[in-house]
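All remarks here apply to the structure that follows.
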Amino acid sequence: MTDPFVDGLDVYVRAVLGKKAGELIVLDVRNLTSVADAFIICSGRSNRQVQAIAEHTHKELKKQRLKPLSVEGMQEGHWVLVDYGDVIIHVFYEPVRSFYDLEGLWIDAGRVETESMKNLPPPEPAKDNFDE
């Protein structure tokens, strides 16, 4: 049996994956905040890749008649936030992502796996600085 909430998120996930976004995580925040229903968090290996992921996502979702309410951080490419209302996409440059640790901040959020995520390698666990 499929979940309409998860199925609806897959269009966003496919768009993000179009430019090889890394460490993709989808968080179900419906019971934790009224800001959004889901956060999609992913990484790029450079600020150019972060910008490319965000631009590609915008173009692909526009084809689906989905337009963002706002886009922040595109110029710098360190953390691009694309707000689609119910879904907020966070595209991070890898070092910036570990600094802000949204996954840790939203630890109580459920993890969601959409159809497009089923064959992806699992995200690497966050590194802590205690072993260095």
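Each of T2, T114 was scored by other Cβ atoms within 10 Å of its Cβ. Arranged with the fewest first, they read T2, T114. For the chain, the number of Lys pairs with C-alpha atoms closer than 18 Å, counting only pairs eight or more positions apart or on separate chains, is 7. Roughly how many whole Å is it from the C-alpha centroid of the stretch 103-119 to that of the stretch 46-64? The distance from the Cα centre of the stretch 103-119 to that of the stretch 46-64 comes to 20 Å. In the chain, helical runs assigned H by DSSP with n ≥ 4 each contribute -39500 (n - 2.57); averaged across all residues and rounded to the nearest 500, the mean residue ellipticity at 222 nm is -9500 deg cm²/dmol. For I88, the shell of other residues with beta-carbons less than 12 Å away shows a net charge of -4, using +1 for Lys and Arg and -1 for Asp and Glu.
Sparse packing (at most 15 other Cβ atoms within 10 Å of the Cβ) combined with a DSSP loop state is found for the following trypsin sites (Lys or Arg not before Pro) in the stretch 1-109: K20, R30, R45, R65. If you take the alpha carbon atoms of the chain and fit the smallest convex hull around them, that volume is 117 Å³ per residue. Placing +1 on the Cβ of every Lys and Arg and -1 on the Cβ of every Asp and Glu, with no other charges, gives the chain a dipole of roughly 760 debye about its Cα centre.
What net charge do the residues around V50 carry, taking every other residue with its C-beta under 13 Å from that of V50, with Lys and Arg at +1 and Asp and Glu at -1? So the surrounding residues net to 0.
Read-outs throughout are calculated quantities, based only on the coordinates presented, and are distinct from any laboratory measurement. The structure displayed is predicted, hence computed values, not measured ones. Every residue, glycine among them, receives a Cβ derived from its backbone with ideal geometry; neighbour counts consider all protein chains shown.
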